[in-house]
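Asks: Pasting in a structure now, in C-alpha cells, and then I'll have a few things to ask.
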Amino acid sequence: MAKNNNHFHHLLHKFKEQFVVGLVVIFPLALTVYIIWLLFSKIDSILGKYLSHITGAYIYGLGFLVLVIIIWLVGVISHSPIGRGVVRHVQVLIFKTPLFGEMFRGIETISSRVIRKHKGSFEQVVVVEYPKKDMYALGFMTSAEAVKFRKAKSMLDMVPVFLPTTPNPTSGFLYFIEKKNIYPIDLSVEEAMETIISLGFVHPMQYKQKRI
C-alpha cells in the first residue's frame, strides 16, 4: 500500500511539474495571440464602422486593410521632396501648439525610436543591484549616453535603466543609476525577455559580464 502511495505521489508531483512547464509555454503564446486579436479588432473597428455605411454591411478586416493602405500612401507621399516639406510644415505647426505640441513631440520621439530602431530601443541587457544590497535585477539600458547629475561638489554619470516586471515586461520602472553600478552582461534582448516572461524557468547557464 505504501509503495502504491509513493508511486501516486511521484506521478502527482510529475504532473504538477509538467503542468507548470506547459503553463509557462502556453501562457505567453495565448496572451500574445489575444493581444494581437484585440489590437486587430480595435484597429479594424476604427474605419470599419464608417465603411459599413458604404458597403451596407460590416466586413471584418476591411477597416484594417484600408488603414494599412492609408498608412502606406502617407509613407509614399512623405518619401517625395514635396511630401517631406508638407510633413515638416505640419509638424512645425503642431509643435507650436501649446500643450498639444509638447505631447506630440514626446510621442513622436518615442515612436521614431521604437519603430525605426527596433532592437536599438534597448541598448544593452544589464544587471543592477536592486532592490537592496546583494540582490540583483535584470534590466535594459535604454540609452548608452550618460546623463550628468550634480551631487554636492561631485558630478555623477547616470544611465537610464528600465527594470521590467515579470511575467509582463511591458510594464516596469525607469531608474537613473550611476554608470559604475551597472553590470552589462553578454545576453541578447530576446534571451533576457525569455527569462523575464518565463519567471526564470528559462535562463542561461551563466551571466557573463562585459564592458559597456
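Every number here is computed from the coordinates shown, using simple stated rules; none is lab data. Bear in mind that the values here come from a model prediction, so they are computed numbers and not experimental data. Glycine gets a Cβ as well: all are built from the backbone with ideal geometry, and neighbour counts include every protein chain shown.
Asks: Over all directions, the average projected area of the alpha-carbon convex hull for the chain comes to how many nm²? Mind showing how you got there, number by number?
Replies: Details: hull surface 87.2 nm².
If you wrap the Cα atoms of the chain in a convex hull and average its projections, you get 21.8 nm².
Asks: What FRET efficiency do you get for I77 and S52 if R0 is 30 Å and r is their Cβ-Cβ distance, rounded to the nearest 0.05?
Replies: In this case the efficiency is close to 0.65.
Asks: Let me ask something additional. Put a dot 7 Å past each Cα toward the Cβ at A137 and H7; how far apart are the dots in nm?
Replies: The two pseudo-label positions are separated by 4.9 nm.
Asks: I've got another one for you. Show me the ranking of peptides 76-89, 166-179 by mean Cβ neighbours inside 10 Å, starting with the highest.
Replies: Ranked by mean Cβ neighbours within 10 Å, highest first: 166-179, 76-89.
Asks: Sticking with this structure for a sec: List the residues whose amide H sits under 5 Å from the amide H of E123, counting only those 5 or more places along or on another chain, with H placed 1.01 Å from N in the peptide plane.
Replies: Answer set, sorted by chain and number: M141, T142, S143.
Asks: At 0.36 nm per residue, and after removing the present C-alpha to C-alpha distance, how many nm does the segment from V25 to T97 gain when stretched out fully?
Replies: 21.2 nm
Asks: Grab the Cα-Cα distance for L67 and V33, subtract it from 0.36 nm times how many residues apart they are, and report the gain in nm with one decimal.
Replies: Going from the current span to full extension adds 10.2 nm.
Asks: Show me the helices of the chain, taken as full DSSP H stretches, that run 30 Å or more along their long axis by Cα and average -1.0 or above in Kyte-Doolittle hydropathy.
Replies: Helices meeting the criterion: 2-55.
Asks: Counting each DSSP H run of 4 or more residues in the chain as -39500 (n - 2.57), what helix-only mean residue ellipticity at 222 nm follows after dividing by all residues, to the nearest 500 deg cm²/dmol?
Replies: Numbers: 5 runs with 114 residues, N = 212.
Dividing the helical sum by the residues of the chain leaves -19000 deg cm²/dmol.
Asks: Only Lys, Arg, Asp and Glu count, each charged at its Cβ (+1, +1, -1, -1), so figure out the dipole size of the chain about its Cα centre, rounded to 20 debye. Kindly include the intermediate steps, with their values, before the conclusion.
Replies: Values: 24 positive and 14 negative charges, 119 e Å.
Dipole of the chain, to the nearest 20 debye: 560 debye.
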